[in-house]
Each structure stands twice: as structure tokens, then as C-alpha cells.
Amino acid sequence: MPCVLLNLCEYDTQKLVKIKSVKLGSLKWTLNGVILMFICIMLLWNKGYQEYDLVVSSVTSKVKGVAKLNIPDIGEVVWDVVDHSGTSQGKNSFFVATNVIVTQNQKQANCPEVPPYGKLCRTDKDCEKGFSDQYSHGVQTGACVKFDVMKKTCEVSTWCPIENKKRPRPALLASAENFTVMIKNNIRFPAFNYIRRNILPELKDTDLKGCIYNRYKNPYCPIFRLGDIVSEAKENFGDMAVEVKPYFYNLRGGVVGIQINWDCDLNRIFHSCLPKYSFRRLDEKESNKTLYPGFNFRFARYSTVNGVEQRTLFKIYGIRFDVMVFGKAGRFSIIQVIIYIGSTLSYYALTTVLLDWLIGTSCYSKEAKQNYSERKFESVQDREECFLCVSFVDEDKLRVVKKSRKKTLQQTKPLSLHQRKNDLASMRTLISVMQCGPSRSLPVQNGQSSGLSRNTDTPLLEKSQSGCQAWCQCGCCPPSATLHEQLCCRLGKGRCITSSPILSTLILSRSVLETALFYVDPLAELHEGAQLRHGAYAQYIRWRFGDSTPRDAVPVIPSCCIGRIRAEYPSPDGKYGGLRLHQATPSQAEFNAQ
Ligand code: ZN
Ligand code: ZN
């Protein structure tokens, strides 16, 4: 029982429509082939068959080079790597000085503040003892002293003389572009336990000795010329090192990134794991437009002369090189292949979408579209909505109309039109049964033939009885109270369908109705007229609607025909059920039950 309640005993599967068409079949396989090709290309292109791991790396660098420079106030000095590389800048970076401001022999003393930082003063009252802020070079003593011939500034207690920024100076270390740096980079891909370094094992000692990196000639040499690095970053070493303008003087530096990219394929067949170097400037290039351009830092060397501590202050401008390592390694993995295949299966639905669209549009074939949509789409209506199917004798198609509460069924506009298909097979069976059927039916047939003339008269009789309804076009329809029963056999004015001899033969003939009844249930017992009346209704529906009625629409028999059938097979008490809504097209079984 719970099995039934929870729908556990059921399995729902989709119903498919098979269209036998060479055109559609070949189009389907062509599209599937294209999709398969696309998937394969993407698999190879994106290496979707691989699992990946990201690089873990360490970098060390060693700058080499000696430069002779002429520092004002000091004279010519030779700087080696210890001098020009300054203090260590960080784990993955190195620094090369390109310019320097040296302030020699600073001692702790009182001296005038440098104008842009200390305000100008006239008397001691303008200065505040003990004052200092973040721009100050020292703590004010409260005195106003001469800075130069024209200006007076507040005196500060600090390292004197104060560093002077105003002396213009060309790139002292322009030759630093010829310095070289050796970068050692060890990498590891933990998931694959794979270790490698940028000094490749394939390279011989002779290859490495004295080599200089060149993108084309020597792309795996780990020794770089600084000038090359800067020019590969599309910068000018001289510009980066220093910029002198006639009115605005700006010592600059910068930050250049050295990117090492490892894109490794660790499969045996396609094994490759080589570093690729690229360079770019990391700080803002248009830095002369900002307040704090370039890159610089200070350091001092201390000494004691005659018991007094002195220092030499170096403000160093230069270029910092940051080494950044990126990388991933891939290796074939069957799990990745399965995941990839799974993720691409949905692309095959595109074929269905495209073909359905093609059939849906009239580009393909109108008949195929009609046929296909009738078989593929089964429209089901909610019970609340009632659709009726109407067949007029002077119209070739069946109409599906919505039951209206205001208009007569005759006047209701159709929602859709359907092609009528005549049920010729069952008609043929019926006729053949009538022609060479059981001998018992013959006298009835004969008897009926006399009634045939009577039947043709009856409509005229009824017409005079009923009078003409406003909605009736044939002049034979009896009055009806309900709107959905007010239906004539015709759309336009003309002869009534009841005047046709076939109606008498096919719908009203007792022998035909009995034959149809026994055809369905050979052992049925005939004991009331209602059976034949309902049989006549069903016979009419089968004749006029055949199999063409849409599933959810109720076929409606015109008022004149109902009147005719009731006149032939009347109910003893004069009461009739009327049109039953929500009923499907009468099947053989229902015909029997009615
Ligand atoms: Zn009528
Ligand atoms: Zn009629």
C-alpha cells in the first residue's frame, strides 16, 4: 500500500515520436557529427582530459655589475653589487640603484628648516618651541634663523645639514642597465610530486656559462641583462632611472615585474615543462602626474669622528624587480575525461531543438509539420474548460469552439480548424455487412426502405412544427433552451442534412443500428429504444467526425439531426438527457453502454 501511495511502484518514461524521413535522419547524424567533432576539438584544445595542479615555487636572485659614478661633493666612487643593490627588498625581488642623493657628515645639531617643509618666519614669535609634524625634519627650537640671503625659517634640532632635494642630477648609475641578474627558480607541483628548476637539466654547462637571456636566441638562459628586461617591458632604462626637466626636477625609479610562467604537460608522450619569461612594468607609468612618483628609499652609514657620531645619508632611487612565478601542470586523468564527456552530453540536445524548430517552421514541409505536431503534442485541457467540436455540412473542416455563456453554439467563433478524416474502413465494413449480412436483417432493411420515404417527409413535418429559429440555417432545427445545443447542420442558408438519403440509411435505419450494435457486442440484447437512439447518435458522430475530433473536444450533433433521431426513436416518457459535456469521442464501448 505505501508503495502505491508514494508512487514507488511506477516508472514514468518518455514517449518518443519516430519520423521516418531520410532528410531528417541524415540531418540529425550530420549535426551529431559536427557536435562530436566540436567536443573532440575542445577536448584537445583545452586539454579537458587532464587534471591540474598549481605551482609552488621559490626564487633567489643575484645581481652582478660594477659601476663608476661621480657623486657631487664626494667625487668619483666605484659601486659594486653591495652598494647598488641596497638592503634586501623582499623574498622575490631585487633592487638596483640608478640615482642617489648623498648628504655627508650629518651631526646632531640645530639648523634652519628647509623652506617647503618649515614655514618662513620673521621673528622668534613665529616659531613654536617643541613643534613637529610628519613633514618636519626635526623638532623646532623656537628660534627664527636665516636660511639664505632672502629667507628666514624656524630652527630645528635634528641631523644637520638637512638633506637637500634641490640639486638636479643626471642618472648617476645609467650604466646599471648593463648589470646582469641570475634568477634561480625552483618549482614543485605537489599533486604530481614533480620538481624542476629554471636552470634546465637539458642545458649543458657551456650553454649556461656567460649566456644572456634573449627571447629568440636564448629563451631558457636564467641570466638577464637589466636593460633587456626594461626594454622587454616596453620601457626606457634611462627614462625610468631618471628624468630631468628644466623647471620640474624629478628623480624617479620604478617597479618592473619578471613573470615566469610554467605551463607543464606531464604526460609521457607530450612531456614538456619549460619556463616562459615575460616582463612588464608594475608601477604606474604616468607617475609624474601623481604625488609620489617612482620608487626610492633611504639608508645611512654611521661613523664616530672625535667622539661625535656622524652619519652619511643616502637617498637611493632605483628600479625594483619583482619576480612572480605562475604555473600549472596537467596530467591525463580518466576521471576528468568522464566528467568532461558528461558535461558535453547536453550539447546533443541541440540537434533535437534544431530539428524540432525546423519542422515547426514551414521551411521544412507543411504536411509534415501538421502530422508531426498532431502526433507529438497532445493537448490536455483542464476539466473546467470545455471545448466542443462542430461539423457543418457546408464546411470541409471541423471546428473546435469554446463553450460560450453568451452566444449560441452556432455563432461561437472557432478556436481552431481541423482537417476531417473520413473513417472509410469502418464504413466499408458496415456496407459489406449490410450487403451480405445475416438474412434476418434483410426484411428489416426492406421494411425500413418503406420508412425511408416517411423519413424524408418528417423534416418537413418538424419544420412546420418547430418554426424557424434565428440561429438555424436549414430551417429544420427545433427550438432548444440551452445555448450549447443551439446548433444547426449548416453554416450558411441551404438544404438540411436530414434531407439527405444517407442519413436515413446510415443513422436511422434500424438494421444498420442493430448491425453496429451487434458488431461491437455480438450477444447484446435489444430491449429498449434508447439503445438504438444512442446508437444513432454515436453513428452520426462516427460518420461526421470520424477519428478527427481532437481528444479533449466534445462532438456536438446539430439540433435538426437530434430532433430527427428523437422523432425516429422517441423516449417513452418524452425526456431526453441532452448534450453531455466532458465526454470524449464515443468509443465502441461507450456506444454500448449508453
Ligand atoms: Zn437548422
Ligand atoms: Zn439541418
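The values are calculated or read from the model by the stated rules, or taken from the named source; none is laboratory data. Note that the coordinates shown come from a computational prediction; the quantities given were computed from them, not determined experimentally. Quick reminder, even Gly has a Cβ in these numbers, built from the backbone with ideal geometry, and neighbours come from all protein chains shown.
For region 357-374, the condition holds for no residue, the condition being that it is within 30 Å of Val255 (Cβ to Cβ) and touching a Ser or Thr at 6+ places or on another chain (Cβ under 7 Å). The residue that is surrounded by the most Cβ atoms within 10 Å (Cβ to Cβ), among those in region 187-213 that are within 47 Å of the chain's Cα centre (by Cα) and of a type in the set (Lys, Arg), is Arg196.
Can you give me the number of residues within region 102-161 that are charged (D, E, K, R) and either within 60 Å of the chain's Cα centre (by Cα) or in a loop (DSSP other than H, G, I, E, B) (or both)?
Total satisfying the criteria: 8.
Between Lys64, Lys91, the distinction of being assigned by TED's automatic domain parsing to the domain that holds Cys273, among the charged types (D, E, K, R), over 30 Å from Asn193 (Cβ atoms) and touching a residue at least 24 places away in the same chain (Cβ under 8 Å) belongs to Lys64 only. Exactly one residue out of Arg428, Arg405 is farther than 25 Å from Gly578 by Cβ, within 58 Å of the chain's Cα centre (by Cα) and modelled with pLDDT of 55 or more, and it is Arg428. Can you spot a residue in region 41-54 that is of a type outside the set (Ser, Thr, Tyr) and within 23 Å of Pro161 (Cα to Cα)? The answer is no; no qualifying residue exists. Highlighted here are the helices (runs of 4 or more DSSP H) found entirely within region 467-584 that include at least 2 residues which are within 16 Å of ligand 1 (Cβ to nearest atom) and crowded, with 22+ Cβ neighbours inside 10 Å: 529-544, 559-568. For region 539-546, the condition holds for at least one residue, the condition being that it is closer than 28 Å to Ser416 by Cα, in the same structural domain as Gln419 (by TED's automatic domain parsing), at pLDDT 80 or above and of a type in the set (D, E, K, R).
Only one of Ile183, Ile199 is modelled with pLDDT of 85 or more, of a type outside the set (Phe, Trp, Tyr), under 25 Å from Phe279 (Cβ atoms) and in a strand (DSSP E or B). Can you tell me which? Give the derivation first.
Details: Ile199 fails: in a strand (DSSP E or B).
Result: Ile183 is the single residue among Ile183, Ile199 that is modelled with pLDDT of 85 or more, of a type outside the set (Phe, Trp, Tyr), under 25 Å from Phe279 (Cβ atoms) and in a strand (DSSP E or B).
Of the residues in region 477-488, how many are within 12 Å of ligand 2 (Cβ to nearest atom) and within 14 Å of Thr412 (Cα to Cα)? Within region 477-488, residues that are within 12 Å of ligand 2 (Cβ to nearest atom) and within 14 Å of Thr412 (Cα to Cα) number 2. Considering the conditions (1) farther than 30 Å from Asn261 by Cβ; (2) free of Cβ contacts under 8 Å to residues at least 12 places away in the same chain, Asn46 is excluded by exactly one of them, (1).
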